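Student: Have a look at this one.
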Amino acid sequence: MEKTDIKSLNLEELKTYVTQLGEKPFRAKQLYEWMHVHLARDYEEMTNIPGSLKEKLKESAQLTTVIPKEVQISKEDGTRKYLFELGDENFVESVLMRYQYGLSVCISSQVGCKMGCSFCASTLDGWLRNLTPSEMLDQIYAIQKDVGERVSHVVVMGTGEPLDNYENLLKFIRLLTDENGLHISQRNVTVSTCGIVPRIRDLAKEKLQITLALSLHASSQQKREKLMPVAKTYDIREVLLACEDYYKLTGRRMSYEYSLIAGENDSGEDAKKLGELLSKKSAHVNLIPVNPIKERSYRSTAKEAVLAFKNKLEKYGITVTIRRELGRDIDGACGQLRRRIEKG
């Protein structure tokens, strides 16, 4: 019999579950707090749960925990890269970054990725499966337990395409931001997508207060197709229109991610075209010097060229940030650590 994944249940679902076990509904609130507030890793940590209920849970319920197998700590900036083992012996990565505003954790949403972006290590070995809400949550919980500090911001921008795991993503967000749990503000949650148009439109209807970040990475359809195979399905204009509609429905300004690759998408003409594309939109652009991977020949854009690109965009009235390059002395890019471990 398949065990119930209780860390993926919301409070009402958990009440139904414990009632079916013959227990009082108030036990659900206790269990929920142990999992999502105290971040208990084992039933034995739950001191106010009676032994009889613990035995029932051990028999019928699964308390999902991800196991840290390796942690790399940057000597440059303290960034921590985690490799977590899942219950089926697959691996996912997460990153902890320190900013002035607090701790930010970047998590994975899938084991592997099927999107095929040419500059990303996550996709090199393909896609294996989606992560459950509990597996996404526990990356954050395990990191918070490890460092002994509260996480304030969460970015779903690690391995995988979050909108390709749509239902689990929605449940994860609701559990993460639930006032009965860790209660991270929706405004402090960012979800990245390579541009799955129907799901962008579905997400807009949910009217969440999260930030949606589009991985744009090119200023023309032709260049985007070369870098991102998903562009062959969803034209750049179609994607940008969906993003505009997202903004209109939610009131949340879109964020556009643009990885600068030397000689590929970082010219003055690229900046001009990007400025023209986004100039009349409610947009914030994150410029990201690409993190080179050994399987590709792509190189990062020089700092002077990054600044020149930023200056050109700002002339179109666009807010632009150059993302800090964190974890460059460790396996910082998505998929690098997992790939190195699995390939031995």
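The values are calculated or read from the model by the stated rules, or taken from the named source; none is laboratory data. What you see is a predicted model, and the numbers here were worked out from it, not measured in a lab. Ideal geometry is used to build each Cβ from the backbone, glycine not excepted, and the neighbour counts take in all protein chains shown.
Student: Working carefully through the options Lys145, Lys81, Lys75, find the one that is in a helix (DSSP H, G or I), of a type in the set (D, E, K, R) and either under 22 Å from Thr190 (Cα atoms) or not assigned by TED's automatic domain parsing to the domain that holds Leu14 (or both).
Tutor: Answer to the selection: Lys145.
Student: Please enumerate the residues belonging to region 100-123 that are in contact (Cβ under 8 Å) with a residue 12 or more places away in the chain and either surrounded by fewer than 18 Cβ atoms within 10 Å (Cβ to Cβ) or basic (Lys, Arg) (or both).
Tutor: Residues satisfying the conditions are Tyr101, Gly102, Lys114, Gly116, Ser118.
Student: Residues in region 261-275: is at least one of a type outside the set (D, E, K, R) and either more than 21 Å from Thr321 (Cβ to Cβ) or touching a strand residue (DSSP E or B) at 6+ places or on another chain (Cβ under 6 Å) (or both)?
Tutor: Yes, that holds for at least one residue.
Student: So which residues in region 176-200 are touching a residue at least 24 places away in the same chain (Cβ under 8 Å), over 30 Å from Asp235 (Cβ atoms), within 15 Å of the chain's Cα centre (by Cα) and surrounded by 19 or more Cβ atoms within 10 Å (Cβ to Cβ), if there are any at all?
Tutor: Leu176, Ile184, Asn188
Student: Of everything in region 63-72 that's of a type outside the set (Asp, Glu) and part of a strand (DSSP E or B), which residue is surrounded by the most Cβ atoms within 10 Å (Cβ to Cβ)?
Tutor: Gln72
Student: From the list Ile288, Ile261, Ile210, which residue is among the β-branched types (Val, Ile, Thr) and more than 20 Å from Ala121 (Cβ to Cβ)?
Tutor: Exactly one of Ile288, Ile261, Ile210 is among the β-branched types (Val, Ile, Thr) and more than 20 Å from Ala121 (Cβ to Cβ), namely Ile210.
Student: Collect the residues in region 209-235 that are of a type outside the set (S, T, N, Q), touching a residue at least 24 places away in the same chain (Cβ under 8 Å) and either in contact with a Lys or Arg (Cβ under 8 Å, 6 or more places away or on another chain) or farther than 25 Å from Glu167 by Cα (or both), keeping them in residue-number order.
Tutor: Matches in region 209-235: Ile210, Leu212, Leu216, His217, Ala218, Lys223, Lys226, Leu227, Ala231.
Student: Any residue that is assigned to a loop (DSSP other than H, G, I, E, B) and buried (at least 20 other Cβ atoms within 10 Å of the Cβ) - is there at least one of those in region 265-284?
Tutor: yes
Student: For region 20-29, which positions are outside any loop (DSSP other than H, G, I, E, B) and either surrounded by fewer than 18 Cβ atoms within 10 Å (Cβ to Cβ) or among the β-branched types (Val, Ile, Thr) (or both)?
Tutor: Answer for region 20-29, where residues must be outside any loop (DSSP other than H, G, I, E, B) and either surrounded by fewer than 18 Cβ atoms within 10 Å (Cβ to Cβ) or among the β-branched types (Val, Ile, Thr) (or both): Gln20, Phe26, Lys29.
Student: Ok, one more. In region 12-66, which residues are of a type in the set (Gly, Ala, Ser) and in contact with a strand residue (DSSP E or B) (Cβ under 8 Å, 6 or more places away or on another chain)?
Tutor: Ser60, Ala61
Student: Have a look at Glu206, Glu167 and point out the one that is surrounded by fewer than 17 Cβ atoms within 10 Å (Cβ to Cβ), closer than 30 Å to Lys248 by Cβ and out of contact with any Leu (no Cβ under 9 Å at 6 or more places or on another chain).
Tutor: Glu167
Student: Are any of the residues in region 44-57 outside any loop (DSSP other than H, G, I, E, B), charged (D, E, K, R), in the same structural domain as Glu179 (by TED's automatic domain parsing) and without any contact (Cβ under 8 Å) to a residue 60 or more places away in the chain?
Tutor: no
Student: When you go through (1) free of Cβ contacts under 8 Å to residues at least 12 places away in the same chain; (2) within 27 Å of Glu167 (Cβ to Cβ); (3) in contact with a Phe, Trp or Tyr (Cβ under 7 Å, 6 or more places away or on another chain) one by one for Glu13, which number turns out not to apply?
Tutor: (3)
Student: Additional query: Restricting attention to region 89-99, which residues are surrounded by fewer than 18 Cβ atoms within 10 Å (Cβ to Cβ) and within 16 Å of Gln72 (Cβ to Cβ)?
Tutor: Within region 89-99, Arg98 is the sole residue that qualifies.
Student: All but one of (1) assigned to a loop (DSSP other than H, G, I, E, B); (2) buried (at least 20 other Cβ atoms within 10 Å of the Cβ); (3) modelled with pLDDT of 95 or more hold for Val239; which doesn't?
Tutor: (1)
Student: Could you figure out which of (1) under 22 Å from Asp77 (Cβ atoms); (2) at pLDDT 95 or above isn't true of Thr159?
Tutor: The one condition Thr159 does not meet is (2).
Student: So, of the residues in region 31-62 that are farther than 17 Å from Glu135 by Cα and surrounded by 19 or more Cβ atoms within 10 Å (Cβ to Cβ), which turns out to be nearest to the chain's Cα centre (by Cα)?
Tutor: By that ranking, first place goes to Leu31.
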